[in-house]
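The values are calculated or read from the model by the stated rules, or taken from the named source; none is laboratory data. It should be emphasised that the depicted structure is a prediction, and the values quoted were computed from it without experimental measurement. Backbone-built Cβ (ideal geometry, glycine too); neighbour counts: all protein chains shown.
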Amino acid sequence: MSAIVRPVVLWLSVLACLALLIAQVGAYLEFSMVPEPTASTTGPQNAADLVFGLMAIGGGLLGFLFTGAAGVVGLIVAATERRNSWIVAICLSGALVVAALAVSAFILLGLPRNPYHAFTVLLFVPLTTLAFYLRLRQTGSHPAVGSPTRS
């Protein structure tokens, strides 16, 4: 089963990274190219405001979902392959993400406007699972000690 699920780790990690980067680009472009809203502003000020806002929201939502899926599938593959150090690494990256989200909630979300997307810190998990996939490909899958091998 592990050989079937390995490419899923790669694709979920890459899709999570791309979605989170799209969210960050959308947030930055909205900050730099769209004027600040005024008291009379009730919606998007122009088409660029709408597009950049949708990039930030859509990329953040998809990035959040793909990051969670990449973390779970990465943990499943690491446990199946009995790679305890990678289980610890993926769990630590998840804990780091939770701590970074808490910090960014106080810093970034307290500002009226900022060029950073709050979910950009989620990149730690898909980058860790991507490194895990690349390491698995590089070393190949060796059966665990004491497990029977099929000939």
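Below are the figures for this structure:
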quantity: Selection status of residue 75, farther than 29 Å from residue 134 by Cβ and either free of Cβ contacts under 8 Å to residues at least 40 places away in the same chain or among the aromatic types (Phe, Trp, Tyr) (or both); calculated: no
quantity: Residue match in segment 73-83 (condition: part of a helix (DSSP H, G or I), in contact with a Gly (Cβ under 7 Å, 6 or more places away or on another chain), surrounded by 11 or more Cβ atoms within 10 Å (Cβ to Cβ) and at pLDDT 90 or above); calculated: no
quantity: Candidates 57, 4, filtered to the one that is surrounded by 14 or more Cβ atoms within 10 Å (Cβ to Cβ) and among the aliphatic types (A, V, I, L, M); calculated: 57
quantity: Residue tally, condition closer than 15 Å to residue 14 by Cα and either modelled with pLDDT under 85 or of a type in the set (S, T, N, Q) (or both), over segment 124-151; calculated: 2
quantity: Pick from segment 100-113, criterion in contact with a helix residue (DSSP H, G or I) (Cβ under 9 Å, 6 or more places away or on another chain) and surrounded by fewer than 16 Cβ atoms within 10 Å (Cβ to Cβ), ranking: nearest to residue 31 (Cα to Cα); calculated: 113
